[in-house]
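Chemist: Sending over a structure as structure tokens; questions will come in a sec.
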Amino acid sequence: GFPDAGFRRFQETIARCSGALAFVQTQHQSAVSFLNRSANEGLKQRFLPKWCSGERLSGIAFSQLRKARAPLLSATPVERGWVLNGKMPWVTGYSIFQDCVVAAYTKDQRTWFGVVQLADSDSLVASPVMRLASMDVSQTVSINVRECFVPEEDVLYLKEGNWIHNNDMVNIALQSPFALGCAGAGIDVMRSVYESKRIEAIKEAADALERELSRCREEAYAAMEERDNSTRSLAARAWAIELAARCAHAAVVASSGQGNSVSHPAQRVYREALVFSVLAQTKPILEATLERVIQRERC
């Protein structure tokens, strides 16, 4: 029941405070949303109250659906349920989340969704936590899946056809708040640095970037309301990504040598901008982002 635009501003605000928190919490928010849309009332009664109270938390695992080659994770119907086999190459929140909403392909080319417990077992074997340039605290792993049985009562739904690609086209603009928040974080660092250095160029740059952020936000939120216009959505998403990178870079420059310290806020924001540059990336988003980067007017 929360207004969509209000929720997007919440996501932007979280990302402006902590990119890692924004990245982890959106996994849980997505899992709750997936389950809330299920017709499996029994499953909702068992999990939604706990997920919403925080008694249990849930991640998601469906990036494997974007692989163009043979499906990495398959779901096969058996008596009283389904069996999963394959690999989940990107699972965030291992040891943070207790549950996970998993998606897999069926033999008849449908997309299966179900809930599994996110813990090492004979059926689920996690890799060591990945070493990432940013957001190591997200506890991201890959998981090998072997004969993992999921009872029918833990299945959310079956989607016809290529769900992930249709969903990606609808959601192009919906990831923009994270990049917008990261851009704001870079500006915040610049303003903090200005308070100690009192170099007017830093303040002027922060003011100019803040004005651009306001314009970018206005366009991105408008694109979210016009999701059928993929051209507008891609342009807005690319702008937000490129702006986040420039704001983060400006924060490092303003911070001088200290901005190269791993513990400095400018460095954290800079590395978070890298993550938000590729978050939920598809080929059209990659192309739009690169086009935005190379077409900026140069002296």
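Chemist: At 7 Å along Cα-to-Cβ for each site, give me the label-to-label distance between ALA39 and CYS17 in nm.
Modeler: Placing both labels 7 Å beyond Cα along the Cβ direction yields 3.9 nm.
Chemist: List, largest first, the extents of the alpha carbons of segment 150-259 along their principal axes, each in whole Å.
Modeler: That works out to 62, 34, 16 Å along the principal axes.
Chemist: Spin-label point model (7 Å from Cα, Cβ direction): what's the ASP122 to LYS197 distance in nm?
Modeler: The modelled label-to-label distance comes out at 6.0 nm.
Chemist: Then there's this: Using DSSP, restrict attention to beta bridges with both residues in segment 54-129 and report what percent are antiparallel, rounded to the nearest 5. Present the calculation step by step, with values, prior to reporting the outcome.
Modeler: Values: 13 of 19 bridges.
Around 70 percent of the beta bridges assigned by DSSP in segment 54-129 are antiparallel ones.
Chemist: Taking 0.36 nm per intervening residue step and subtracting the Cα-Cα distance, what contour gain separates LEU132 from ALA222 on full extension?
Modeler: Working it through step by step, the gained length comes to 29.1 nm.
Chemist: Which stretch or stretches of segment 80-101 have amide N atoms under 17 Å from the point lying 7 Å from GLU153's Cα along the Cα→Cβ direction?
Modeler: It comes to 80-82, nothing else.
Chemist: A further question on this structure: How about segment 12-55: which trypsin sites (Lys or Arg not before Pro) there lie in a loop by DSSP and see at most 16 other Cβ atoms within 10 Å?
Modeler: ARG37
Chemist: When ligands, DNA and RNA are left out and all protein chains stay put, how many square angstrom of accessible area per residue does the chain have with a 1.4 Å probe? Display every interim value, and only then the final one.
Modeler: On the way: 14840 Å² over 299 residues.
Result: 50 Å² of accessible area for each residue.
Chemist: In 5 Å bins starting at zero, report the fraction of Cα pairs in segment 202-245 per bin as a rounded %.
Modeler: Computed distribution, short to long bins: 5, 25, 27, 19, 13, 7, 4, 1.
Chemist: Please report the base-10 log of the normalised intensity I(q)/I(0) for the chain, using a Debye sum with one equal scatterer per alpha carbon and no solvent, at each q in 0.11, 0.12 (1/Å).
Modeler: Listed by q, the Debye log ratios stand at -0.71, -0.83.
Chemist: Carbon and sulfur: what percent of segment 1-115's accessible surface (1.4 Å probe)?
Modeler: 56 percent
Chemist: Give the percent of DSSP beta bridges with both residues in the chain that are antiparallel, rounded to the nearest 5.
Modeler: On the way: 28 of 34 bridges.
Antiparallel: roughly 80 percent of the beta bridges in the chain.
Chemist: Let me ask something additional. Relative contact order of the chain, please, whole-number percent, based on alpha carbon pairs below 8 angstrom and at least 6 residues apart.
Modeler: It rounds to 18 percent for the chain.
Chemist: Restricting to segment 5-142, compute how many DSSP beta bridges are antiparallel as a %, nearest 5.
Modeler: The answer is about 70 percent antiparallel.
Chemist: Let me ask another. log₁₀ I(q)/I(0) of segment 256-299 at q = 0.28 Å⁻¹, via Debye over equal Cα point scatterers, no solvent, to two decimals?
Modeler: Rounded to two decimals, the profile gives -0.88.
Chemist: Here's a follow-up. PRE reach from THR76 (point 7 Å along Cα→Cβ): which of segment 108-123 fall under 13 Å by backbone N?
Modeler: 108, by backbone N distance to the label point.
Chemist: Also: When a/c is below 1.5 the answer is rounded, else prolate if a/b is larger than b/c, else oblate, so apply that to segment 210-299 with a ≥ b ≥ c taken from the square roots of the Cα gyration tensor eigenvalues.
Modeler: prolate
Chemist: Still on this structure, please answer the following. Using each residue's phi in segment 73-87, evaluate 6.51 cos²θ - 1.76 cosθ + 1.60 at θ = phi - 60° and report the 3J(HN,Hα) Karplus result to the nearest Hz, with x for Gly and Pro.
Modeler: With coefficients 6.51, -1.76 and 1.60, one gets 9, 10, 10, 10, x, 9, 4, 6, x, 9, 10, 9, 9, x, 8 Hz.
Chemist: Report, by chain and number, residues whose modeled amide H sits under 5 Å from the one on CYS100, excluding near sequence neighbours (fewer than 5 apart, same chain).
Modeler: GLY59, VAL116, LEU118
Chemist: With a sphere of radius 10 Å drawn around the Cβ of ALA254, what net charge do the other residues whose Cβ falls strictly inside it have (Lys, Arg +1; Asp, Glu -1)?
Modeler: +3
Chemist: Can you tell me which aspartates and glutamates have their Cα less than 15 Å from the Cα of LYS159? Leave out same-chain residues fewer than eight positions away.
Modeler: Cα-Cα hits under 15 Å: ASP108, ASP168.
Chemist: For the pair VAL253 and ASP207, what calculated FRET efficiency results from E = 1/(1 + (r/R0)^6), where r is the Cβ-Cβ distance and R0 = 25 Å, to the nearest 0.05?
Modeler: On the way: r = 16 Å, r/R0 = 0.62.
Once rounded, the FRET efficiency stands at 0.95.
Chemist: Let me ask another. Would you be so kind as to identify all helices of the chain, as entire DSSP H runs, whose Cα atoms reach 30 Å or more along the helix's own axis and whose mean Kyte-Doolittle hydropathy is at least 0.5?
Modeler: 230-255
The values are calculated or read from the model by the stated rules, or taken from the named source; none is laboratory data. The model shown is predicted, which means the values in this text are computed figures rather than measured ones. Glycine gets a Cβ as well: all are built from the backbone with ideal geometry, and neighbour counts include every protein chain shown. Accessible surface is based on the protein model in full, side chains and every heavy atom, while ligands, DNA and RNA are left aside. Shrake-Rupley method; radii C 1.70, N 1.55, O 1.52, S 1.80 Å.
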